[in-house]
Amino acid sequence: SYLSSGINAEYGEENEKLKQQVETLKKRLIDAEVMNGRKQVSVPPDCKTSIKPPTSAPVPQAPKESPKAPAVTAAPPKENKKKAAKKEKTGQQQKQQKGAQANSAAPADVSRLNMRVGFIRTAKQHPDADGLYLEEIDCGEPEPRQVISGLVKHIPIEEMQQRPCVVLLNLKPAKMRGIMSHAMVMCASSPEKVEILAPPADSKPGDLVTVEGFSGTPDAQLNPKKKVFEAIQPDFLVSPEGHALYKGVPWKINGQVVTAQTMRGCGIK
């Protein structure tokens, strides 16, 4: 036990010497750091501090723009065909009504009649009327017009084929024995006889009849209630020379006179 005590005393002395050496070295180290400008921070002996190395701040990144979708132009909706046709028809009717209103105050003279050259392609007996012909007449339009005439008693059916004539186009279409008629063939007329008026030889379907001194615009469609044709017709006459006249002035097509074939001094219907 004496030996153990001696050994312990010897180790104690050595430890004390080492502690003193450590403190001396620490003091020298601190003095050297102070001389070099390092600031000393006293730390409590019981405090254990873990120092994390500084981390660099994250660099902000610009937000990524999402790719823009290509602009899409919406196609215009397709208009229903029936609706478009109805709209067009309504527009035409409104235009006709405006024309009729504009002409309602115009004087009742021959310029309001749309008379043109026609060409009778075919004529046949009306299926339900012995005194009527059913004709197909080229009036210079895309399609021929269907016309019904009460000429059976006056003109043989053979003479109704493939011949020129003068037709009034802006009468209101009328149903005659169940079939619509869309024009009227103009004829020299007396109680005893009726003849189809003859346009000039070099005229063609669609050529307009004019009367000098009456330069108005034809109505789109004559209003039956206004009785415009009935007011004009009494001034139609075939002259002694066979010329078709209105108030003594000849009807002309391209500067040439419309005539009756053989009749003279009679009316025109």
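Quick one: M115 ticks every box in (1) surrounded by fewer than 21 Cβ atoms within 10 Å (Cβ to Cβ); (2) closer than 20 Å to P218 by Cα except a single one, so which number is it?
M115 satisfies all of (1) surrounded by fewer than 21 Cβ atoms within 10 Å (Cβ to Cβ); (2) closer than 20 Å to P218 by Cα except (1).
Take segment 243-269 and flag every residue that is in contact with an Asp or Glu (Cβ under 7 Å, 6 or more places away or on another chain) and either under 14 Å from S190 (Cβ atoms) or β-branched (V, I, T) (or both).
V249, I253, A260, Q261, T262, M263
What's the total number of residues in segment 126-143 that are among the aliphatic types (A, V, I, L, M) and part of a strand (DSSP E or B)?
2
Filter segment 10-46 for residues that are modelled with pLDDT under 80 and of a type in the set (S, T, Y); which is least open to solvent (accessible area, probe 1.4 Å)?
It comes out as S42.
I need the full set of residues from segment 246-266 which are surrounded by fewer than 17 Cβ atoms within 10 Å (Cβ to Cβ) and part of a loop (DSSP other than H, G, I, E, B), in order please.
Residues satisfying the conditions are K247, G248, N254, G255, Q261, T262, R264, G265.
For (1) at pLDDT 95 or above; (2) of a type in the set (D, E, K, R); (3) part of a strand (DSSP E or B), each residue gets a yes or a no:
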| position | (1), (2), (3) |
| --- | --- |
| V167 | yes, no, yes |
| P191 | no, no, no |
| P200 | yes, no, no |
| S203 | yes, no, no |
| G206 | yes, no, no |
| A220 | yes, no, no |
| A244 | yes, no, yes |
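Q146: open to solvent by 30 Å² or more (accessible area, probe 1.4 Å), in contact with a helix residue (DSSP H, G or I) (Cβ under 7 Å, 6 or more places away or on another chain) and either assigned to a strand (DSSP E or B) or not hydrophobic (A, V, I, L, M, F, W, C) (or both), yes or no?
No; evaluated as a whole, the condition is false for this residue.
Name the residue that is most open to solvent (accessible area, probe 1.4 Å), counting only residues in segment 167-210 that are of a type in the set (G, A, S) and in contact (Cβ under 8 Å) with a residue 40 or more places away in the chain.
Looking at the filtered set, the residue picked out is G178.
Specify the residue that is least open to solvent (accessible area, probe 1.4 Å); the eligible residues are those in segment 151-165 that are aliphatic (A, V, I, L, M) and not in a loop (DSSP other than H, G, I, E, B).
Among those that are aliphatic (A, V, I, L, M) and not in a loop (DSSP other than H, G, I, E, B), it is M160.
How about segment 211-234: which of its residues are touching a residue at least 60 places away in the same chain (Cβ under 8 Å) and over 22 Å from P173 (Cα atoms)?
Across segment 211-234, the qualifying residues are V211, F214, S215, G216.
The values are calculated or read from the model by the stated rules, or taken from the named source; none is laboratory data. Please read these numbers as outputs of a predicted model, since none were measured by experiment. So basically every Cβ, Gly included, is an ideal-geometry build from the backbone, and we count neighbours across all protein chains shown. Accessible surface areas use protein heavy atoms only, side chains included; no ligands, DNA or RNA. Shrake-Rupley method; radii C 1.70, N 1.55, O 1.52, S 1.80 Å.
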